[in-house]
Structure formats: structure tokens, C-alpha cells
Amino acid sequence: MSEHVAFVLGTRPEIIKLAPVIHACSDAMLPYTIVHTGQHYSESLDSVFFEQLDLPDPAYNLGVGSGSHGKQTGEMLIRIEETLEEIDPDTVLVQGDTNSVLAGAIATSKTDIDLGHVEAGLRSFDRRMPEETNRVVADHVSEHLFAPTAQSERQLRREGIEAERITVTGNTVVDAVYRNRELAREKSTVLSTLGLDGRAFVLMTAHRAENVDDEARFRSILRGVDRAARERDVEVVYPIHPRAAKRLDDFGIDVPDRIRTIEPREYLDFLRLEAEADLIVTDSGGVQEEACILGVPCVTMRDNTERPETIEVGANRLCGADPEAIVRIVDEMWDVTSDWENPFGDGDASERILETLGVSVERGVA
């Protein structure tokens, strides 16, 4: 039985998806420590995320910041190891596929501390993506693999991971969306602030290196999304990631008229935009999940996805970066009826995770 859990996290998606597990620890009176690597280093946005999600400030902030993959991961590895020696938890939990996950997993694997990987078993089968390496390594060094779906469990078994190490929990993103969607409706004023009340709009996110670091591909995506919006006579709202904004400047790209770039939004604002959009175009795995849970049709500007369940239930389609494909698939998804079954669980994933660690909890959707 785990008597003390350490959460190693470093990006806003990790904060969002681990928040329900942290709340479950509090409800079960299980001691825990939050270790923030600083991989996403916007102090103002991070502090808002912790405040909105009703989380305590991290006990440790390692302040690693940006850098090449090797440099960033190496610095995290050193500092996480030092921190774990000081905390001495029974279990470390990491979530997803970031460099923080990779560093947390490797550092923990060199100790006698148990490692749990939340959202285990996801695969894009594209080793060009650094996230794919991160998630595979984390899975294979973990004692506890918390698979969000039966499909993820099957993938882990195909890779030779023993069944007793795997628990199908559902995805904690469902817990987070269920807990926060009404809060976003009550508290967020983003629709009126952006003049979107009562208007049809498309929500766009694009930040992955394979899309925005490739000038031709980034231009192609913007051209396709703009054309699709013109055909539907709607505006596209694009909360732009700092990485993508820098690439626009580096490449000298003028954003097409139908795409309105805005600053990144805090969590409740973004959740509100997702819920009210007529359609979402994205390259984010987490956004694919949230769109599916919220009943909003999604078009994914990638050649593959580690969330195939969203495609299987009819909530999502891949379009790559070709402008004609983007226009065609946006048109096909526009009027899709959002009556698909949510494949990611019932909102009890956090409780199942703690039960696997030997913690007694009370079940119930937030």
C-alpha cells in the first residue's frame, strides 16, 4: 500500500489530468507531494491553473525551463533524483508523454520507489515524435500502468508487459472535464470578451513540432483552415502557443484573415471555448479527447493519432496538412451528430488509480 505519493509534472496538460488524482488523494487523506519540473515555465499561467483547479502550490519547483530535448531532460533527471531522495515517497505518479514524464520515469526507475504511469499504452507508432519515445520508455519502466482504455491495455500486452502491472482505469481527463465544465460555464467570460456569444466559430490549436517547425507544413495548415472557414463563413479562434507564435515570426508568415490569433487562455476559458465551438481543428492529443467528451466534432491535423478511439466512435478524423484534405474533412465533420459514446470512461479513473495503490476511496463522479 502506498502511504505517500509524489506527483512529478511539468506542463499544463499534466496539471489538468493529474488534478483529479491529487483531489482524490486529499479526499482519501493520503499524503502527497507535488514536484513541478518547470518544463512549462509561464509562472503566471501555471499559478492560474493551480488556483482554478483548486490545487496547492507545488512543494518543489525545479525551474528547468526550455532547452533542447537532451539538455532539458538531463537537467530534470538530476533535479528529480535529488528531490526524490529528499521526499522518499512510496510511489511516484507521472502522466502522459512529456520530457518531464521521461525524466521522472527514469529517475524513479533507478530507485526502490514504485512508478505509476497515468495514461499508459497510447501509441502513435511514429518514432519521429519525441512523445512516442517518452511514453514507451515510461510504460516499460513502470510498476503500475494505468491504461485509459481496453485498446491501450491490448497494446501494452502486445509489447510483453505483464497483465498484473496493468489496470484499465478510464482517462482522468473525463474526471477533469466532468468536474470543471459547469465551473467554466459559470465563471468564464471568454465568449463575451471575444465577441463570440451566439456566433458560430471554429476553435484551432496547432503547436506540435512536426507541424509548426516545418514552414511549408505550417503554411499549408493555415491555408487549409482559412479556406474551410471561408466556405462555412465562420471565424477561426486560435489561442497560439508561444512556439507557434515564434515560428510565424521566424518564417515571416502572415496569418490569413479568417484566423484570429489570441493569447493562450487559462484552463476554464479554454474549456468554455471547446464546449461552445461548432468544430475543433487541432494537433493536440488532449484536445482530441476533450472534444470527444464534450460532444464537439474534431478534425486532427496530423497523419496519425495515439487516440484512435476518438476516430472509431466517429468523433474525430485525421486530415494531415494538405489544404484540400482539411477543407474536405472539415466539411464532412461539420454536421456530424454528436451522439457517439465516450470511450474514455465514466469519471472514476482517479479513484481506480488509488485503489490499485491500495488506498480505500469512495466512488462518485465529480
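The values are calculated or read from the model by the stated rules, or taken from the named source; none is laboratory data. Note that the coordinates shown come from a computational prediction; the quantities given were computed from them, not determined experimentally. Note: ideal-geometry Cβ built from the backbone for every residue, glycine included; neighbour counts use all protein chains shown.
Observations, loosely collected:
- Boolean, residue 276 is more than 23 Å from residue 66 (Cβ to Cβ), buried (at least 18 other Cβ atoms within 10 Å of the Cβ) and not small (Gly, Ala, Ser): yes
- Number of positions in the stretch 193-223 that are outside any helix (DSSP H, G or I) and either at pLDDT 95 or above or over 29 Å from residue 19 (Cα atoms) (or both): 15
- Breaking point among (1) outside any loop (DSSP other than H, G, I, E, B); (2) not assigned by TED's automatic domain parsing to the domain that holds residue 238, for residue 123: (1)
- Condition met for residue 331 (surrounded by fewer than 22 Cβ atoms within 10 Å (Cβ to Cβ) and closer than 28 Å to residue 129 by Cα): no
- All positions within the stretch 224-240 that are surrounded by fewer than 17 Cβ atoms within 10 Å (Cβ to Cβ) and part of a loop (DSSP other than H, G, I, E, B): 233
- Summed over the stretch 16-33, residues that are within 24 Å of the chain's Cα centre (by Cα) and either without any contact (Cβ under 8 Å) to a residue 60 or more places away in the chain or not assigned by TED's automatic domain parsing to the domain that holds residue 72 (or both) total 4.
- Entry remark, the stretch 143-192: residues being surrounded by fewer than 18 Cβ atoms within 10 Å (Cβ to Cβ), hydroxyl-bearing (Ser, Thr, Tyr) and either part of a helix (DSSP H, G or I) or in the same structural domain as residue 107 (by TED's automatic domain parsing) (or both) number 2 in total.
One line per residue, one yes/no per condition, for (1) modelled with pLDDT under 95; (2) among the small types (Gly, Ala, Ser); (3) closer than 14 Å to residue 181 by Cβ; (4) assigned to a helix (DSSP H, G or I):
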position: 260; (1), (2), (3), (4): no, no, no, no
position: 271; (1), (2), (3), (4): no, no, yes, yes
position: 274; (1), (2), (3), (4): no, no, yes, yes
position: 287; (1), (2), (3), (4): no, no, no, yes
position: 291; (1), (2), (3), (4): no, yes, yes, yes
position: 296; (1), (2), (3), (4): no, no, yes, no
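- Residues of the stretch 324-366 that are within 30 Å of residue 31 (Cβ to Cβ) and among the hydroxyl-bearing types (Ser, Thr, Tyr): 350, 356, 360.
- Selection count, the stretch 351-366, where residues are of a type in the set (A, V, I, L, M, F, W, C), at pLDDT 75 or above and assigned to a loop (DSSP other than H, G, I, E, B): 3
- If you go through the stretch 241-258 and keep only what is free of Cβ contacts under 8 Å to residues at least 24 places away in the same chain and part of a loop (DSSP other than H, G, I, E, B), you end up with 252, 254.
- Considering residues of the stretch 289-324 that are over 21 Å from residue 14 (Cβ atoms) and of a type in the set (Asp, Glu) only, the residue surrounded by the most Cβ atoms within 10 Å (Cβ to Cβ): 322
- Residue 293 farther than 17 Å from residue 173 by Cβ and among the aliphatic types (A, V, I, L, M): no
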